[in-house]
Amino acid sequence: MAALGKRKAEKSPTPSSEEEEEEAGNGNEVTSGSEELDSDESTDPEDELNTSSDSEHSSQPSQEIVDVDFEYFDPKPNDFHGIKALLRTYLDDETWDISGFTDLILAQTTVGTVVKADEDESPIALLTALNIGRYQKCSCMVEIHKYLRVKSAHKVESALLEDFWGKYAREVALLISERLVNAPLELAPPLYQGLFEEILWATEDEPTQELRESFKIKHYLYLTKVFEEVTEEKSRDKEQRKKQKEESEATGQLIYIKPEDEILHELSSWSFTFPVTGDGAAANQTKGLQQLRLVMAVDAKHEEKFQAELKKLIE
């Protein structure tokens with residue numbers, strides 16, 4: 001992977017006019033400006049407002065804002081626990097082979113990137129793509145398929161999903177994009193450009209024809225998190241809320257946790273949503289909002305358009 005790591009460093013783009021990028025080790029060092037990194041635990045907006053209004057009366061010191069340099073790296077074995085932490089809510093509260101899934105990501109040395117503040121730190125972001133046909137017999141992928149099959153039951157997209165895990169599986173990659181909630185958006189363009197370049201290189205550089213073919217991706221299947229606005233009328237009746245959850249249809253305005261997901265959604269050929277359930281729903285519930293899962297299919301032919309729109313979003 002050393003050669004690919006060097007090529008990634010040489011070809012990585014300039015994220016924005018507010019960042020400085022320079023080659024560093026196996027990846028690029030990106031100055032994000034004055035960005036704070038929080039944990040991915042949700043914070044009540046009302047608490048933030050109260051904290052702000054009372055700040056002049058507080059004896060606590062003001063919160064310090066620091067500059068953080070980010071670097072892009074190929075995933076390595078010592079990233080296991082950090083990547084696993086990023087993926088811990090990937091299937092909500094399901095019990096599944098998350099360790100095996102993390103191992104697949106680490107084993108795919110030619111495609112995939114993690115972002116860290118330092119090589120020895122835990123990853124704050126992950127972007128990779130796993131060919132479904134190549135890995136579909138692995139226990140973790142079997143469990144992901146089962147999870148999505150259950151969630152898509154009675155939806156018109158159910159048959160399309162099964163095609164992705166069946167006759168088109170060799171042409172479909174599961175896109176995995178996870179990062180801390182307020183990691184800067186400026187990290188996204190280099191991540192995606194690096195991913196698409198690595199996939200292209202893999203179609204030429206992999207040692208066997210079978211592996212080269214597995215990276216000739218025509219479609220991406222993407223599972224992500226969004227919020228849906230809940231109107232007062234919609235949230236008033238408990239039985240009605242339960243029925244709406246069972247129907248698993250988003251009827252309100254979607255709020256995208258990762259802004260680039262809105263671009264992907266607009267480019268998607270099909271998609272569906274379903275509500276988060278279990279303890280994960282309570283932990284991520286915000287007043288007036290319901291957390292949903294969004295599943296979408298995006299054709300690989302839209303990669304350039306997506307990157308152009310993402311660049312505009314940053315600017």
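Quick note: the coordinates plus some simple rules give every number you see, no bench work behind them. Bear in mind that the values here come from a model prediction, so they are computed numbers and not experimental data. Glycine gets a Cβ as well: all are built from the backbone with ideal geometry, and neighbour counts include every protein chain shown.
Checking each residue in segment 78-130 for being assigned to a strand (DSSP E or B), free of Cβ contacts under 8 Å to residues at least 60 places away in the same chain and hydrophobic (A, V, I, L, M, F, W, C) picks out VAL114, LEU126, LEU130.
Check segment 146-160 and report whether any residue there is under 21 Å from ASP299 (Cα atoms) and buried (at least 19 other Cβ atoms within 10 Å of the Cβ). Scanning segment 146-160 turns up at least one residue that is under 21 Å from ASP299 (Cα atoms) and buried (at least 19 other Cβ atoms within 10 Å of the Cβ).
Would you confirm, using the coordinates I've provided, whether VAL226 is in contact (Cβ under 8 Å) with a residue 40 or more places away in the chain and surrounded by fewer than 18 Cβ atoms within 10 Å (Cβ to Cβ)? Spell out how you get there, then give the answer.
Working: in contact (Cβ under 8 Å) with a residue 40 or more places away in the chain: yes; surrounded by fewer than 18 Cβ atoms within 10 Å (Cβ to Cβ): no.
Considered against the rule, which asks whether it is in contact (Cβ under 8 Å) with a residue 40 or more places away in the chain and surrounded by fewer than 18 Cβ atoms within 10 Å (Cβ to Cβ), VAL226 comes out as no.
Across segment 65-124, the qualifying residues are those that are within 16 Å of the chain's Cα centre (by Cα) and of a type in the set (Lys, Arg), and the one among them that is surrounded by the most Cβ atoms within 10 Å (Cβ to Cβ) is LYS116. Quick one: how many residues across segment 179-194 are under 18 Å from THR110 (Cβ atoms) and of a type in the set (Gly, Ala, Ser)? Number of matching residues: 1.
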